[in-house]
Amino acid sequence: MKKAVFPVLCLAALCACNPQSDTVNAKLNSYATVEIGTTSLSGISDNGKQVLDYFKLISTEIDNIYWDQSFGDKAAMTKLPTNAQRVFALVNYGPWDRLTDEPFVEGYGTRPLGANFYPADMTDEEFDALEDPAKLSPYTLIRRGADGKLQVVWYHDAYKESLDRISNYLHAAADYTIKPSVRNYLLKKIDAMRSDNYYESDLAWIEMDDSKMDLVIGPNMTKDDRRYGIKASYESYVLLKDLALSESLAEYTAMIPELQKALPCPDEYKTFTPGTSSQMFAFNALSYAGAANAGIKKIALNLPYDPKVQAEKGTRTALLNNVIRQKFNKIVRPAGRLLIEQDQQPNLDVDAFFWNIAFREVAHGLGVKQTVNGKGSVTEALGNEALTLEEIKGDIVGVYLNIYLIKKGLIDHLVTREDAITTFITGLVRSSRFGNAEALGRANIICYNYLKEQGAFEHGRSGLYHIDYDKAEAAITSLAEKVLTLQATGDRAGADALVAAYSEIPESLAQDFAAMDRAAIPTDLRFQFVW
């Protein structure tokens, strides 16, 4: 990892004459600043407020660990010569624009595929020759020893100082909480962070279903390891449950076994049985930290990722309602009004957006986790494209399930099939602006190109999108079956071919991006925390 070793004045001079620095303000302004959190904690007991204070301290430490994983030298970014550069570095957790992987600070090359998980000079041959099986753990770093040879370092050793502080805060929060399930979870999380074994804490988290507060914490997603797709990044979310909305979601968790059976693929590709304790809750987010806060902001979660826990207990879908609605109001609705034919614009619907997102997260817990033909887990079989395929599955199977339930009359009767499809396609266009550098943007581009090829939409004489709803539904079903099949059979060549065939940004989409830029429609959000 390149370190910033220049004197600050020298770096300032380099940036001042670098044409890239002229665009940083525009890049920063493409993220709409929104407030999240709350200035009122009415309904939360004094003990609960103390617990939340410790959650805030935990989030700060998680952020520090993630800076090390993502880049390695936060101090260099705080000394950049302009405010725009400093703030944009905080958005991206380093000197690279995450939408393009290119640097916006002079002196840095393209963003490393392995982030700071591996030595910058490590070759694939060296990694393959390393005999320690722990190299494949999501919770280890690869470093060079004093002899120059590769060695494995567990997260709990590499980040011991921060993790010790986190453990102390978790223990203090456990002492304050009045909920036994919360106390159990927090204490189990201490054990997990000290051992890098998260099984028991994942079980405890699923069992913690009676709390108004939630702390999602740990090394979770592997999106930052674009070299091998192995290493997990630290992140945290502090959440407050929306009790009324969560109650209305409860009926859908009971339907998860039915939804698994309804997937559009052969029965042998949906043999995984989700646990019966799966949950779907609505929350308002108070804070994001670490990987959660880097670049594009997630609006929903489906955890834990451990397939053993998913089979035994299920998953928790957390819908971040305040952020979902901010994204719709700030980005999706304005994009739709700009790009969709006027007579189809009434089908842009915030509730359809909510349900598409809800079932996108449910979809992540469906399908299979192990290949059906002995190739191991889906992640092992599909390698570094596994995350892209999983993101496609979430997007396309999510809208498929929403349409399925709408047609059965089980979603709010005001939300129609046309609402779900119009809002979904608009979402694909706006999310494709994330680019193909990361799995999320790449997945949206693939979905867009596939649906376009199948005639789901076309640009009419006005240059606006006209959607053919029947063809769109057929294309959604077809792509869902294709992705579920690739995962179930562990077809690495087929996955690579799908990505290669559909992940390029077509000229029509590039023109849409330019139109959204001219209309000053934000690419995404950045948060101002008011809690």
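Figures for the structure shown
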item: Value of Rg/Rh across the range 254-293 [Cα atoms, Kirkwood radius]; result: 1.19
item: Highest average packing first - 277-289, 318-330, 136-148, Cβ atoms within 10 Å; result: 277-289, 318-330, 136-148
item: Whole-number D in µm²/s for the range 275-329 (Stokes-Einstein; Kirkwood sum over Cα pairs; 25 °C, 0.890 mPa s); result: 200 µm²/s
item: Antiparallel DSSP beta bridges within the chain, as percent of all bridges there, nearest 5; result: 70 percent
item: Distribution of pairwise C-alpha distances over the range 19-94, 5 Å bins, in %; result: 3, 13, 17, 16, 16, 14, 10, 8, 3, 1, 0
item: Positive-end extreme of charge dipole, the chain - chosen from ALA75, ILE521, THR379 (charges on Cβ); result: ALA75
item: Equivalent-ellipsoid semi-axes of the range 59-201, from the Cα gyration tensor, Å, largest first; result: 31, 24, 12
item: Calculated FRET efficiency for the pair SER462/GLU207, C-beta based, R₀ 51 Å, to 0.05; result: 0.40
item: Estimated dipole of the chain in Debye, rounded to 20 [Cβ of Lys and Arg +1, of Asp and Glu -1, Cα centre]; result: 900 debye
item: Tail weight of P(r) past 13 Å, computed on alpha-carbon pairs of the range 192-247, percent; result: 69 percent
item: Rg over Rh [alpha-carbon atoms, Kirkwood Rh] for the range 357-514; result: 0.97
item: Taking N as its residue count, the alpha carbon Rg of the range 342-389 over 2.2 N^0.38 Å; result: 1.74
item: log10 of Debye I(q)/I(0), alpha-carbon scatterers only, for the range 134-194 at 0.17, 0.26 Å⁻¹; result: -0.65, -0.99
item: Proximal aspartates and glutamates to LYS74, defined as alpha-carbon separation beneath 15 angstrom and excluding residues fewer than eight positions away on the same chain; result: GLU61, ASP63
item: Eligible aspartates and glutamates near LYS188 by straight Cα distance, threshold 14 Å, same-chain separation 8 or greater; result: ASP175, ASP196, GLU200, ASP202, GLU207
item: Kirkwood Rh, angstrom, the chain [1 / mean 1/r, Cα pairs]; result: 23.9 Å
item: Potential extension, ASN329-ASP306 segment - 0.36 nm per residue separation minus Cα distance; result: 4.9 nm
item: More than 14 Å apart - percent of Cα-Cα pairs taken over the range 435-502; result: 64 percent
item: Positive-end residue of SER167, ALA497, LEU440, charge dipole of the chain with Cβ unit charges; result: SER167
item: Helix-derived mean residue ellipticity, 222 nm - over the chain, DSSP H n ≥ 4, -39500 (n - 2.57), to 500; result: -15000 deg cm²/dmol
item: Sequence ranges 201-207, 264-270, 421-427, 80-86, ranked by mean other-Cβ count within 10 angstrom, highest first; result: 421-427, 201-207, 80-86, 264-270
item: Pairwise label distance in nanometres, SER42 with ALA129, each label 7 Å out on the Cα-Cβ vector; result: 6.7 nm
item: Cα gyration tensor shape for the range 479-531, rounded if a/c is under 1.5, else prolate or oblate; result: oblate
item: Above-threshold pairs, the threshold being 31 Å between Cα atoms, out of LYS313/LYS393; LYS231/LYS327; LYS49/LYS223; LYS241/LYS407; result: LYS49/LYS223
item: Spatially proximal aspartates and glutamates relative to LYS330 (Cα-Cα < 12 Å; intrachain offsets below 8 disregarded); result: ASP524
item: Gain upon complete extension [THR23, LEU410; 0.36 nm per residue less C-alpha separation]; result: 134.5 nm
item: At q = 0.21 Å⁻¹, base-10 log of I(q)/I(0) for the range 445-484 (Debye sum, equal scatterers on each alpha carbon); result: -0.60
item: Computed log₁₀ I(q)/I(0) - Debye formula, equal Cα scatterers, no solvent, the range 172-278, q 0.10, 0.23 Å⁻¹; result: -0.42, -1.22
item: ³J(HN,Hα) computed for each position of the range 481-493 - Karplus, 6.51 cos²θ - 1.76 cosθ + 1.60, integer Hz, glycine/proline x; result: 4, 4, 5, 4, 5, 4, 5, 5, 8, x, 7, 4, 5
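All of the numbers you see were taken from the coordinates with simple rules; none came from a lab. This one's a predicted model, so the numbers in the text were calculated from it and none came from an experiment. Reconstructed Cβ throughout: ideal geometry from the backbone, glycine too, with neighbour counts over all protein chains shown.
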